[in-house]
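The values are calculated or read from the model by the stated rules, or taken from the named source; none is laboratory data. Just so we're clear, the structure is a prediction, and the values are computed from it rather than from any experiment. FYI the Cβ positions are ideal-geometry reconstructions off the backbone, even for glycines, and counts take in every protein chain you see.
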Amino acid sequence: MAADMRQASGMVDRGFVRRAMQTPMLEQSREMSLARRWREQQDERALHELTSAYMRLVISMATRFRNYGLPMADLVQEGNVGLMQAAARFDPEREVRFSTYASWWIRSAIQDYVLRNWSIVRTGTTAAQKSLFFNLRRLRAKINDLDDALVSTESRTWIARHLGVPERDVETMVARMSAGDRSLNAPISTDGDGEWQDLLADDSATPDQAVEARRDASRRRAWIADALSALNERELMIIRERRLGEETVTLEILGQRLGISKERVRQIEHQALGKLRRTLEKMVGDPEKAGLIPNT
C-alpha cells in the first residue's frame, strides 16, 4: 500500500491503475475479518489487504473530479488519504460494508483538496456552498445553460431552488468559476504602464494618523499611570491582576494570596474601579469615550 501511495504521488501510470482494478473485491466475511484484525491487533497486513482491495474506489472517485484542472495523481493521493482515514475509523460491528463507508471518506478528502487548490480564493465554507460548487456545472448542463460567465435569471432561480441556496450565492459562484486567478503583478494594459496591484486600496494609516495614534496612546498611558497612583497598595495589586495582566487571576486565588474572602476581593476591586473612574473623570471628562475604561 505504501509503495502504491508513493507511486500515486507522481504520475498515475497504467500499471498502477491496472493493478488496482485487478485486485479482487472482498467478500463481506473476509472484509469484516480484516477490519477486526486491524482494529483490535493493528495488523498491518490486514490493513494492506483491506485498502488494496478498494483502491479502485479511489481511482474511480478521482476520475469524477479531473475536470477541475488539478493533477490526477494528486486527486488519487488525496483519495488515498480518505481511504486510510476510513480504515482507521471503520467499525466492523456496525455491519456496514467497508466499500460504502470508505466511499464517503474518499469523496470528502478529494472534495476538500479541490476546494483548497482550485483557486487561491477560498471557494466554499458551508455545506451548501460546497454543494453549489460541485453541482453547478452539472445542473447548468442539465438545463442547457452553457454560458460560462453569465447565468440567466430563470437558470439562477432554478439552481437556487434545487440546491436550497440564495440566488445571489449562485450568481457569485458562477462569477468565481468563470474567472481564473490573476496575478497582481500582471500589467493593466498592453502598454505595460502599471500593474493590477497598483489599484489596490491601502488600508494602513496615513503618516498623520500614525503620528496622532502614537500621541493619543502616549497620553492615555500617562493618564492611566496618574490614576493608578491614587490607589493604595492592595487596590493596585488587585487591579493589576484582574484588569491589566495577560491572564485574569480569579477572585478566589487573590483571596487566598491576601488572606481574605473572594467576596471581599470583589468589593475592593469594585471600590478601586470607582476610584479610578473618578480620578480619570477629573482629567478627561469621559473615560469610556477616551478608551480608558470599558463601559461596564
Within the stretch 238-274, the residues that are modelled with pLDDT of 85 or more and either outside the structural domain of Asp226 (by TED's automatic domain parsing) or closer than 17 Å to Arg221 by Cα (or both) are Ile239, Arg240, Leu273
Hits in the stretch 87-109 - residues which are over 25 Å from the mean Cα position of the chain (by Cα) and of a type in the set (S, T, N, Q): Ser99, Thr100
Quick check: is even one residue across the stretch 110-118 modelled with pLDDT under 70, touching a helix residue (DSSP H, G or I) at 6+ places or on another chain (Cβ under 7 Å), surrounded by 16 or more Cβ atoms within 10 Å (Cβ to Cβ) and of a type outside the set (Lys, Arg)? yes
Please go through the stretch 57-80 and pick out each residue that is outside any helix (DSSP H, G or I) and in contact (Cβ under 8 Å) with a residue 40 or more places away in the chain. Phe65, Gly69, Leu70
